[in-house]
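To start, the structure under review is shown below, and the notes come after it.
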Amino acid sequence: MEIPYYPGCTLKTTAKNFDDSAFAVYKKLGIELKELPRWNCCGTVYSLTSDDLMHHLAPIRNLIRVEEQGADQVVTLCSMCYNTLAQSNLRIQQNEEERDKLNEFMYKEKVKYDGKVKVLHGLTVLRDMVGYDKIKSQIKKPLDGLKVAAYYGCLLLRPKEVCIDDPESPTIMEDLIRTTGAEAVPFPYANECCCSYETVSNKDIVIERTRMITQSAQAYGADVIITSCPLCEFNLDNRQKEVRKKYPDHVDIPVLYYTQLLGKALGLPLKSLRFDLNYINPRELFK
Amino acid sequence: MSNEKSVMERIAEANKPVTAGVDEKDIKHWVTIRIMGKAYRVPSDLTILTAMEFAGYRFVRGVGCRQGFCGACGTVYRKEGEYKLKTGLACQTRVEDGMYLVQIPFSPAQKAIYDIKKERYNVSTILKYYPEVAKCVSCNTCTKACPQDIEVMDYVQAALRGNYEKVAETSFDCIRCGLCAMRCPAEIVQYDIGQLGRRMYGRYGMDKPDHLKIRLKELEEKKFDPELDKLEKATKEELVKFYAAREREKD
């Protein structure tokens, strides 16, 4: 089965390990991620300003690209892209006046967008379209004994209108972890913000958050953390080097994209999972 | 001094019809255009450039090849009764009745200086020299402004994700007229990004053609040096003779 796939800029640059591993994993499970032939930046952050329509052009234009393919759904993997596309879509579905304004501004586009495209996240595709039983049946190398903490961050869960699961107590990633034979380790900081773009201008606050989140996962016994957001991944993975500098007693914990963990359990070649691009070497985990 | 034309003579000369070989009284179709707000009656079969010359403007800058390749004659206009702002090259766009015209002969830009051999073939090079590319909101105004019908926004977006091949392929027809940059609300200079993209792709992305390797080897082996020496030492008469006897394609 083929699904139009919106990769987003980060998956084509610094999160190539997410993009590559996802292609391999979804293919193995019978889903062909078909990258849109034309796409632009999602808009990165959903604009909350009530009269700022300019920042909804980017997400809506991408949904027009989906319709140009004759499709009515699109899957994305990056939590940030998912959140921005889904929220802008919802806004346009609920506000006819804004929809007309945006369409009029984009008069060069052949498609007038009416809000009909469904924005899916890769995790819900695994749950709703592939099914956990099928995934379980495909596991070649069960991750028995491995303890995995699922880190959701903000953008998969908030606001509740675009949440991919229960916004307060999500289990979608834990359920996925269990299909691989690994043990899912819930921990209290799974839904806490990693401090996002503060990493650019206020690194210290991210160092503190990363320490708090990784140490909490370790305290609950986790060997590894999984996520679906490239910015969370960067903050939790790369910033551990600064945590270690500030707090010499810090013990590193690998951070993976959920597709990398799943790919390992499906027995996919290591090369396709691109562990070389994760900052903290996770290969020790699988020895 | 006596050989130089007076200002009045030069104006009179510039005012002559540029519709070669046609007398003004024989021109049947006229349109009214406005240049910086002032109305002029001009023959309807002129381009904006020749119409402005007809009206008395004399171009020293803001004109170049007159063939649509050099990008020196960017023009912005509106037509009476239409709100849309249009763009074109003055040498390639025919005048229409009710045009309000202004020339954009030059677009100021902070052109980056780089040594292509020292750059990394990924998105970091784009972001280092043109960080403002990240401000693109995909409004597509650059594409609307492009007189070459290039999907400008698409190549700016490709640059943002380090896809040099797409930048190079999409921006290939750019003539650097600057109209995209003049319209961009994010103050991006698209044409410089396209040029960096084409250079990077040419150096790191494209396959090196075999004939280039052969020719470079020939140059290293000084295969053509004797011929060059011969030309350098030739007298003017000999050069004329060589030129007349040169190998050439059929006309």
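Can you pull out the residues in segment A:264-282 that are surrounded by 12 or more Cβ atoms within 10 Å (Cβ to Cβ) and without any contact (Cβ under 8 Å) to a residue 24 or more places away in the chain?
The one that is surrounded by 12 or more Cβ atoms within 10 Å (Cβ to Cβ) and without any contact (Cβ under 8 Å) to a residue 24 or more places away in the chain: A:L270.
Does A:K27 meet the test of being in a strand (DSSP E or B), open to solvent by 20 Å² or more (accessible area, probe 1.4 Å) and under 26 Å from A:L261 (Cα atoms)? Even if it seems obvious, please write down each step before you answer.
On the way: in a strand (DSSP E or B): no; open to solvent by 20 Å² or more (accessible area, probe 1.4 Å): yes; under 26 Å from A:L261 (Cα atoms): yes.
Against the criterion (in a strand (DSSP E or B), open to solvent by 20 Å² or more (accessible area, probe 1.4 Å) and under 26 Å from A:L261 (Cα atoms)), A:K27 does not qualify.
If I ask for residues that are more than 14 Å from chain B (Cβ to nearest Cβ) and among the hydroxyl-bearing types (S, T, Y), which ones from segment A:1-30 would you list? Full working, then the answer.
Pass one, segment A:1-30, residues more than 14 Å from chain B (Cβ to nearest Cβ): A:1-5, A:17, A:20-30.
Passing the criteria: A:Y5, A:S21, A:Y26.
Does segment B:79-90 contain any residue that is within 30 Å of B:F54 (Cα to Cα), charged (D, E, K, R) and more than 14 Å from every other protein chain (Cβ to nearest Cβ)? Steps first, please.
Looking only at segment B:79-90, we keep the residues that are within 30 Å of B:F54 (Cα to Cα), and these are B:79-90.
Imposing the further condition that a residue be charged (D, E, K, R) reduces the set to B:79-80, B:82, B:84, B:86.
Those still in the list that are more than 14 Å from every other protein chain (Cβ to nearest Cβ) too: B:79-80.
Yes; the residues of segment B:79-90 include at least one that is within 30 Å of B:F54 (Cα to Cα), charged (D, E, K, R) and more than 14 Å from every other protein chain (Cβ to nearest Cβ).
If you scan segment A:195-214, which residues turn out to be of a type outside the set (G, A, S) and surrounded by 18 or more Cβ atoms within 10 Å (Cβ to Cβ)? Before the answer, list the steps.
Looking only at segment A:195-214, we keep the residues that are of a type outside the set (G, A, S), and these are A:195, A:197-200, A:202-214.
Residues satisfying the conditions are A:C195, A:T199, A:V206, A:I207, A:R209, A:T210, A:R211, A:I213, A:T214.
Quickly run through segment B:195-251 and pick out the residues that are acidic (D, E), farther than 29 Å from B:S171 by Cα and open to solvent by 100 Å² or more (accessible area, probe 1.4 Å).
Quick first cut of segment B:195-251, residues acidic (D, E) only: B:207, B:210, B:218, B:220-221, B:225, B:227, B:229, B:232, B:237-238, B:247, B:249, B:251.
Checking which are farther than 29 Å from B:S171 by Cα leaves us with B:218, B:220-221, B:225, B:227, B:229, B:232, B:237-238, B:247, B:249, B:251.
If the condition is that a residue be acidic (D, E), farther than 29 Å from B:S171 by Cα and open to solvent by 100 Å² or more (accessible area, probe 1.4 Å), then B:E220, B:E221, B:E227, B:E232, B:E237, B:E247, B:E249, B:D251 are the ones that fit.
Would you confirm whether any residue within segment A:109-120 is surrounded by 14 or more Cβ atoms within 10 Å (Cβ to Cβ), free of Cβ contacts under 8 Å to residues at least 24 places away in the same chain, away from chain B (no Cβ under 14 Å) and not acidic (D, E)?
Yes, segment A:109-120 contains a residue that is surrounded by 14 or more Cβ atoms within 10 Å (Cβ to Cβ), free of Cβ contacts under 8 Å to residues at least 24 places away in the same chain, away from chain B (no Cβ under 14 Å) and not acidic (D, E).
Among the numbered criteria (1) without any contact (Cβ under 8 Å) to a residue 24 or more places away in the chain; (2) part of a helix (DSSP H, G or I); (3) under 30 Å from the mean Cα position of the chain (by Cα), which one does B:R248 miss?
(2)
Do the conditions hold for B:E169, that is, is it under 16 Å from A:T44 (Cα atoms) and away from every other protein chain (no Cβ under 12 Å)? Before the answer, list the steps.
Details: under 16 Å from A:T44 (Cα atoms): no; away from every other protein chain (no Cβ under 12 Å): yes.
For B:E169, the condition - under 16 Å from A:T44 (Cα atoms) and away from every other protein chain (no Cβ under 12 Å) - is not met.
Can you tell me which residue is farthest from the other protein chains (Cβ to nearest Cβ) among those in segment A:31-57 that are under 29 Å from A:L176 (Cα atoms) and in contact with a Cys (Cβ under 7 Å, 6 or more places away or on another chain)?
A:C42
Consider segment A:9-33. How many of its residues are touching a Lys or Arg at 6+ places or on another chain (Cβ under 8 Å) and free of Cβ contacts under 8 Å to residues at least 60 places away in the same chain?
The total comes to 5.
Mind checking which residues of segment A:35-55 are within 17 Å of the chain's Cα centre (by Cα) and open to solvent by 40 Å² or more (accessible area, probe 1.4 Å)? Talk me through it step by step, then tell me what you get.
Looking only at segment A:35-55, we keep the residues that are within 17 Å of the chain's Cα centre (by Cα), and these are A:35, A:41-46.
Correct list: A:E35, A:T44, A:V45.
For segment A:56-102, what are the residues that are basic (K, R) and crowded, with 24+ Cβ neighbours inside 10 Å?
Initial filter on segment A:56-102 (basic (K, R)): A:61, A:65, A:91, A:99, A:101.
Hit for segment A:56-102 is A:R61, nothing else.
Can you tell me which residues in segment A:174-194 are open to solvent by 20 Å² or more (accessible area, probe 1.4 Å) and hydrophobic (A, V, I, L, M, F, W, C)?
Here is the first cut: in segment A:174-194, the ones open to solvent by 20 Å² or more (accessible area, probe 1.4 Å) are A:175, A:178, A:181, A:183, A:186, A:188-189, A:191-193.
Across segment A:174-194, the qualifying residue is only A:C193.
Tell me, which helices (runs of 4 or more DSSP H) lie completely within segment A:216-287 with 1 or more residues that are under 23 Å from A:T180 (Cα atoms)?
Details: elements: A:230-237, A:240-246, A:258-265, A:270-273.
Result: A:230-237, A:258-265, A:270-273.
Residues that are over 23 Å from B:K144 (Cβ atoms) and in a helix (DSSP H, G or I): does segment B:57-64 have at least one? Please lay out each step first, then the result.
Going residue by residue through segment B:57-64, those that are over 23 Å from B:K144 (Cβ atoms) are B:57-61, B:63-64.
Checking the rest, the ones that are also in a helix (DSSP H, G or I) come to none.
No, because not a single residue in segment B:57-64 is over 23 Å from B:K144 (Cβ atoms) and in a helix (DSSP H, G or I).
Does A:I207 satisfy the condition of being under 20 Å from A:V125 (Cα atoms) and part of a helix (DSSP H, G or I)? Before the answer, list the steps.
On the way: under 20 Å from A:V125 (Cα atoms): no; part of a helix (DSSP H, G or I): yes.
In short, no.
Any residue in segment B:123-141 that's within 12 Å of chain A (Cβ to nearest Cβ) and over 19 Å from A:L11 (Cα atoms): show its pairings with residues that are open to solvent by 30 Å² or more (accessible area, probe 1.4 Å) and of a type outside the set (F, W, Y) at Cβ separation under 8 Å, as long as the two are six or more apart or on different chains.
Going by the 8 Å Cβ cut-off, the qualifying pairs are B:C139/A:M54; B:C139/B:P185; B:N140/A:K108; B:T141/B:R183; B:T141/B:P185.
Would it be correct to say that A:N83 is more than 27 Å from A:Q260 (Cα to Cα) and either small (G, A, S) or more than 13 Å from every other protein chain (Cβ to nearest Cβ) (or both)?
The answer is no for A:N83.
Search segment A:121-173 for residues being part of a loop (DSSP other than H, G, I, E, B) and among the β-branched types (V, I, T), and hand back the single one that is most open to solvent (accessible area, probe 1.4 Å).
First pass over segment A:121-173, keeping only residues part of a loop (DSSP other than H, G, I, E, B): A:131, A:139-146, A:151-159, A:163-171.
When the remaining residues are screened for being among the β-branched types (V, I, T), the result is A:139, A:164, A:171.
Numbers: A:I139: 30, A:I164: 11, A:T171: 64 Å².
If we take residues in segment A:121-173 being part of a loop (DSSP other than H, G, I, E, B) and among the β-branched types (V, I, T), then A:T171 is most open to solvent (accessible area, probe 1.4 Å).
Picking from B:E187, B:E151, which residue would you name as being within 21 Å of the chain's Cα centre (by Cα), open to solvent by 10 Å² or more (accessible area, probe 1.4 Å) and closer than 19 Å to A:R38 by Cα?
Numbers: B:E187 fails: closer than 19 Å to A:R38 by Cα.
Among B:E187, B:E151, only B:E151 is within 21 Å of the chain's Cα centre (by Cα), open to solvent by 10 Å² or more (accessible area, probe 1.4 Å) and closer than 19 Å to A:R38 by Cα.
The values are calculated or read from the model by the stated rules, or taken from the named source; none is laboratory data. What you see is a predicted model, and the numbers here were worked out from it, not measured in a lab. Cβ atoms come from the backbone with ideal geometry, glycine included; neighbour counts cover every protein chain shown. Note: accessible area is taken over every heavy atom of the protein model, side chains too, but ligands, DNA and RNA are not part of it. Shrake-Rupley method; radii C 1.70, N 1.55, O 1.52, S 1.80 Å.
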